[in-house]
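Written out below as structure tokens is the structure these notes cover.
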Amino acid sequence: MPTLALLTQHAKQAALESALAEAGYTVETVHGYDTDTLGTFTGEVARRGTQLDAAATKAKLATQLSGQRYGLGSEGSFGPDPHVGLTAWASEVLAWWDADEKRLVYSVVQGPETNYDQTTANTWDEALAFAKSAGFERHGVIVGRPTEPHFSKACDNWCQLEKHVRGALAHGPVWLETDMRAHRNPTRMAMIGRCAEQLSQLLRTPCPACHSTGFGEVSPIYGAVCEACGEPSSALKAKATTCAVCGHVEQEVLRLTVPPSRCDYCNP
Ligand SMILES: [Zn+2]
Ligand SMILES: [Zn+2]
């Protein structure tokens with residue numbers, strides 16, 4: 001089985017390896033590189049470029065550092081949901097890189113399955129309530145900001161957390177945030193697992209024309225025709241899957257016509 005070099009400090013290998021074994025790869029973690037120099041969630045180091053860029057950079061670095069042909073990079077991103085902006089939203093990217101063919105294949109999974117949250121606590125009771133809703137101790141909670149003397153990413157039991165928070169509260173309100181590093185966030189680890197399954201599926205799907213791996217980049221095609229007036233509507237008509245290497249397109253038609261209630265002309 002070819003080796004897939006994974007650049008991570010946060011023990012993601014366990015979440016990935018069984019899915020990628022199904023695509024024929026053995027995952028091997030590349031040690032000795034500080035991925036935090038590429039950006040951290042707590043902002044000690046700002047991340048450059050997009051989430052896709054960041055995952056691709058890690059995958060490429062993994063091949064350079066390991067000497068392997070194939071590399072894997074993982075990058076998460078968290079914030080308010082893109083629809084209403086009221087609930088937390090997570091997105092995970094995995095990038096697979098073939099250093100010989102200079103090819104990238106991406107897998108993206110996103111959704112509201114995250115404990116991503118922050119607060120300023122004025123009392124231990126407030127901190128306790130936050131930590132409970134964050135899923136502590138199974139999930140990590142970070143105390144303070146990186147520039148503050150009581151900053152800690154290392155509390156992993158209630159006793160330590162209380163000691164750190166009470167120490168910080170002696171100087172005023174304390175900033176708390178959920179730890180989004182994968183090894184301290186099993187909810188995130190599960191989403192990375194789903195992202196790996198999707199990537200594995202892509203890597204097992206060759207282009208029907210040129211047989212390149214990673215056939216599955218799907219884009220929507222709009223314009224189903226109105227049954228009454230025959231004009232194209234803005235409704236989804238088909239899905240197209242395009243090969244990134246040879247440009248071969250496979251179309252799956254979902255519906256050719258829609259009722260006039262879906263027509264912009266008959267029912268504006
Ligand atoms: Zn119409
Ligand atoms: Zn192709």
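The values are calculated or read from the model by the stated rules, or taken from the named source; none is laboratory data. Note that the structure is a prediction, hence the values are computed from the model and not measured. Don't worry about glycine lacking a Cβ; one is built from the backbone with ideal geometry, like all the others, and counts go over all protein chains shown. Quick note on the areas: whole protein, heavy atoms, side chains included, nothing else; ligands and nucleic acids left out. Shrake-Rupley method; radii C 1.70, N 1.55, O 1.52, S 1.80 Å.
A few points about this structure:
- In the full protein context, the chain carries 51 Å² of accessible surface per residue, based on a 1.4 Å probe and ignoring ligands, DNA and RNA.
- In the chain, helices alone account for a calculated mean residue ellipticity at 222 nm of -8000 deg cm²/dmol, with every DSSP H run of four or more residues adding -39,500 (n - 2.57).
- A quarter of the convex hull surface defined by the alpha-carbon atoms of region 140-268 gives 14.5 nm² as the mean projection.
- For region 217-262, the convex hull drawn through the C-alpha positions has a volume of 57 cubic angstrom per residue.
- Per-bin percent of Cα-Cα distances, region 40-187 [5 Å]: 2, 9, 16, 17, 16, 13, 11, 8, 5, 2, 1, 0
- Between Ala209 and Lys132, residue separation times 0.36 nm minus the direct Cα-Cα distance comes to 22.4 nm.
- Neighbourhood net charge (13 Å Cβ-Cβ; Lys/Arg +1, Asp/Glu -1) for Met1: -2
- Environment charge of Ala59, counting only residues whose C-beta is closer than 10 Å and scoring Lys/Arg +1, Asp/Glu -1: 0
- Listed by chain and number, the lysines whose alpha-carbon sits under 26 Å from that of Lys58, ignoring those within fewer than 8 places in the same chain, are Lys12, Lys102, Lys153.
- Distance from the Cα centroid of region 47-69 to that of region 179-228 is 19 Å (rounded to whole angstrom).
- Each 5 Å bin, from zero up to the one with the longest distance, holds this percent of the alpha carbon pairs of region 76-115: 7, 22, 22, 14, 12, 10, 8, 5, 1.
- Fraction of accessible area attributable to carbon and sulfur, the chain (%, probe 1.4 Å): 51 percent
- Binned Cα-Cα distances of the chain, short to long, each 5 Å bin given as a whole percent: 1, 6, 10, 13, 14, 13, 11, 10, 7, 6, 5, 3, 1, 0, 0
- Kirkwood-type hydrodynamic radius, region 118-178: 11.0 Å, calculated from all non-identical alpha-carbon pairs.
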